[in-house]
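Working notes for the structure below.
Nothing in this text is a laboratory measurement; each read-out follows from the coordinates by a stated rule. Because the structure is predicted, anything quoted here is derived from the model rather than measured.
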Amino acid sequence: MAHALARCLPDFSGDLPVALAGPEPLGLLLRPARRAAVPAEPAPSPPARVAALTAEEREALLREGEERGLRLGREETRAALAAAQDAAEARLA
């Protein structure tokens, strides 16, 4: 019966399964669909966020990026060296 009722009613933006499972399914079904909350102001764009950082925060982010890049570079170098060593050992064997 709930499925027949659901087919007759308009789409309630995802409220339907919750409404049918609740203690008062018909009352919940007849309630207007919930609308997504609209933020009061749009999220700042990345350049605006960067401009809002203090000099110390920018410096810390740059340092962190450099450290991450160096770490990734070392890991890639180690992987390349290991692959070259494995290939050389395979040729010798």
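General remarks:
- Gain on full extension, evaluated as 0.36 nm per residue between Arg71 and Arg49 minus their Cα-Cα distance, stands at 5.3 nm.
- Theoretical gain in end-to-end length, Ala60 to Ala87 [0.36 nm per residue, Cα-Cα removed]: 5.7 nm
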